[in-house]
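Just so it is clear, none of the values below were taken in a lab; they were calculated from the coordinates. Since the model is a prediction, treat every value here as computed from it, not as a measurement. Cβ coordinates were reconstructed from backbone atoms using ideal geometry, including for glycine residues, and neighbour counts include every protein chain displayed.
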Amino acid sequence: MVMSNLTQMVLMKIVLAIVVVLLEILTVLLLKLSLKLLKHVMLSWLKSKLAHMVLLFVVK
């Protein structure tokens, strides 16, 4: 099956567009995951700081 140059070019652009969309989706998913992890880390850090402050207040 021989395709014309125009058909090959159109198919190539469609494939590239699909790849770009998939990469964008992957980037968004990774960003959401990293934000969830960052939120978890920040919350546990704040909890430990709060516990430390309460402990200092109780000890004094």
Using the structure shown, decide if V21 is aliphatic (A, V, I, L, M), in a helix (DSSP H, G or I) and loosely packed, with under 10 Cβ neighbours inside 10 Å. no
Which of (1) assigned to a helix (DSSP H, G or I); (2) surrounded by 10 or more Cβ atoms within 10 Å (Cβ to Cβ); (3) more than 16 Å from the chain's Cα centre (by Cα) does L33 not meet, given it meets every other one? (3)
